[in-house]
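The values are calculated or read from the model by the stated rules, or taken from the named source; none is laboratory data. Note that this is a predicted model, so its numbers are computed, not measured. For neighbour counting, all protein chains shown are included, and Cβ atoms are generated from backbone atoms with ideal geometry for every residue, glycine included.
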């Protein structure tokens with residue numbers, strides 16, 4: 001059974017991360033975060049930070 005967590009940045013759903021061996025794989029929900037799609041992060045917090053940085057760079 002997979003365990004997934006939603007990553008939100010403000011009111012925007014950036015995507016989900018799914019636990020796998022070695023970390024959490026990111027699946028994008030919004031076009032803005034497509035560069036993160038498929039990336040593996042060591043933690044949910046790391047994935048959240050990456051999504052926040054993407055949004056910050058966009059503004």
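Of note:
- A search for C-beta distances below 8 Å between a residue of segment 10-21 that is within 14 Å of residue 43 (Cβ to Cβ) and any residue that is part of a loop (DSSP other than H, G, I, E, B), counting only pairs 6+ apart in sequence or on different chains, returns 18/2; 18/3; 19/2; 19/3.
- Some residue of segment 19-26 being farther than 22 Å from residue 2 by Cα and more than 9 Å from the chain's Cα centre (by Cα): no
- Of the residues examined, residue 19 is one that is at pLDDT 95 or above, in a strand (DSSP E or B), surrounded by 11 or more Cβ atoms within 10 Å (Cβ to Cβ) and out of contact with any strand residue (DSSP E or B) (no Cβ under 6 Å at 6 or more places or on another chain).
- Residue list for segment 1-16, restricted to those being touching a helix residue (DSSP H, G or I) at 6+ places or on another chain (Cβ under 9 Å) and not in a strand (DSSP E or B): 10
- Filter result for residue 33 (in contact with a strand residue (DSSP E or B) (Cβ under 6 Å, 6 or more places away or on another chain), in a strand (DSSP E or B) and surrounded by 11 or more Cβ atoms within 10 Å (Cβ to Cβ)): no
- Of residues in segment 36-52 being in a helix (DSSP H, G or I) and touching a helix residue (DSSP H, G or I) at 6+ places or on another chain (Cβ under 8 Å), the one nearest to residue 2 (Cα to Cα): 47
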